[in-house]
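Engineer: If you scroll down you'll find the structure; I have some questions about it.
The values are calculated or read from the model by the stated rules, or taken from the named source; none is laboratory data. Keep in mind that what you see is a predicted model, and the values were worked out from it rather than measured. In this analysis, Cβ positions are derived from the backbone assuming ideal geometry, glycine residues included, and neighbour counts consider all displayed protein chains. Each accessible area value is taken on the protein alone, full model and side chains, heavy atoms only, with ligands, DNA and RNA left out. Shrake-Rupley method; radii C 1.70, N 1.55, O 1.52, S 1.80 Å.
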Amino acid sequence: LYEDRKTKKKILFKKRTNLNSLLPEFMILKRIEPYSENNFTSNVELYRINNESFGIKMEFFEHFHHIFDTFSIITKKNRIQIAKNLIHQLKLLHSLKISHNDLKTYNILVNPKNNESRIIDFDCAVIFENDDENYLYDIPCYTPGHFTLKPDNFYTSNQIKKNDMDTLSYILFYYVEGKKGTKKEIQEFKEKYKMNEYQEDKKEKPKNKE
């Protein structure tokens with residue numbers, strides 16, 4: 001972790017000894033970078049550390065915390081807005097034909113100072129080529145059942161269909177309401193916030209960089 005002298009932003013390094021293990025995540029991060037403002041990480045670069053190590057350099061989200069660490073310091077009204085933002089961000093990923101595949105509480109960050117949110121850690125993400133948005137329901141989650149509430153498991157893998165939007169619905173229901181949701185409550189929550197209406201969410205045009 002260091003501060004960029006030009007931008008004054010803090011930069012995070014992710015290091016690997018195998019370049020092939022970094023390339024898929026790097027390609028996905030570059031794909032979403034034009035849409036990164038208020039959504040995802042930016043300033044993404046691939047670099048060689050030495051003959052044996054490689055890394056990805058990206059923006060570090062200062063003042064952000066794991067989503068459930070902010071529950072007690074953010075009002076329900078603002079938690080609802082954060083939930084809506086996260087739904088939008090996931091729909092944006094899907095519109096770019098990216099499935100995150102590893103959504104859990106540790107991969108969702110919230111800044112309690114301004115209520116901004118970020119989805120992070122694209123190690124397990126994949127680019128899907130199927131034009132049918134319903135195909136997202138068939139993409140399995142890489143870590144089924146690993147949706148933790150430090151340190152206790154608050155849902156088990158057989159309770160959640162293994163795809164991005166279903167996983168996010170369980171996390172956000174708990175975050176908004178402060179309790180586990182029944183299958184009926186989760187379904188009503190998804191319908192209320194139109195979580196399955198992928199086709200209605202249009203890709204944002206990236207802003208031109210000067």
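Engineer: For region 101-131, which residues satisfy the criterion of being part of a loop (DSSP other than H, G, I, E, B), closer than 14 Å to Thr41 by Cβ and open to solvent by 20 Å² or more (accessible area, probe 1.4 Å)?
Structural biologist: The answer is Ile120, Asp121, Asp123.
Engineer: Can you pull out every residue in region 182-198 that is among the acidic types (Asp, Glu) and either open to solvent by less than 40 Å² (accessible area, probe 1.4 Å) or not in a loop (DSSP other than H, G, I, E, B) (or both)? Spell out how you get there, then give the answer.
Structural biologist: Kept after step one, since they are among the acidic types (Asp, Glu), are these residues of region 182-198: 185, 188, 191, 197.
Answer for region 182-198, where residues must be among the acidic types (Asp, Glu) and either open to solvent by less than 40 Å² (accessible area, probe 1.4 Å) or not in a loop (DSSP other than H, G, I, E, B) (or both): Glu185, Glu188, Glu191.
Engineer: In region 48-92, what residues are within 16 Å of the chain's Cα centre (by Cα) and among the small types (Gly, Ala, Ser)?
Structural biologist: Ala83
Engineer: Yes or no: region 168-178 includes at least one residue that is within 20 Å of Ile32 (Cα to Cα), open to solvent by less than 10 Å² (accessible area, probe 1.4 Å) and either at pLDDT 85 or above or touching a strand residue (DSSP E or B) at 6+ places or on another chain (Cβ under 6 Å) (or both). Reasoning before the result, please.
Structural biologist: To start, the set of residues in region 168-178 that are within 20 Å of Ile32 (Cα to Cα) comprises 168.
With the extra rule that they be open to solvent by less than 10 Å² (accessible area, probe 1.4 Å), the set shrinks to 168.
When the remaining residues are screened for being either at pLDDT 85 or above or touching a strand residue (DSSP E or B) at 6+ places or on another chain (Cβ under 6 Å) (or both), the result is 168.
Looking through region 168-178, at least one residue is within 20 Å of Ile32 (Cα to Cα), open to solvent by less than 10 Å² (accessible area, probe 1.4 Å) and either at pLDDT 85 or above or touching a strand residue (DSSP E or B) at 6+ places or on another chain (Cβ under 6 Å) (or both).
Engineer: Can you find a residue in region 57-68 that is more than 17 Å from Asn115 (Cβ to Cβ), open to solvent by 70 Å² or more (accessible area, probe 1.4 Å) and of a type in the set (Asp, Glu)?
Structural biologist: No, that holds for no residue.
Engineer: Is it the case that Glu52 is part of a loop (DSSP other than H, G, I, E, B) and more than 22 Å from Leu23 (Cα to Cα)?
Structural biologist: no
Engineer: A further question on this structure: Consider region 88-100. How many of its residues are open to solvent by less than 10 Å² (accessible area, probe 1.4 Å) and either closer than 15 Å to Val176 by Cα or not aliphatic (A, V, I, L, M) (or both)?
Structural biologist: Here the count works out to 4.
Engineer: Another question, then. Within the set of pairs 6+ apart or on separate chains, which have a first residue in region 107-131 that is touching a residue at least 12 places away in the same chain (Cβ under 8 Å), a second that is of a type in the set (Gly, Ala, Ser) and open to solvent by 40 Å² or more (accessible area, probe 1.4 Å), and C-beta atoms under 9 Å apart?
Structural biologist: Within 9 Å, the pairs are Asp123/Ser21.
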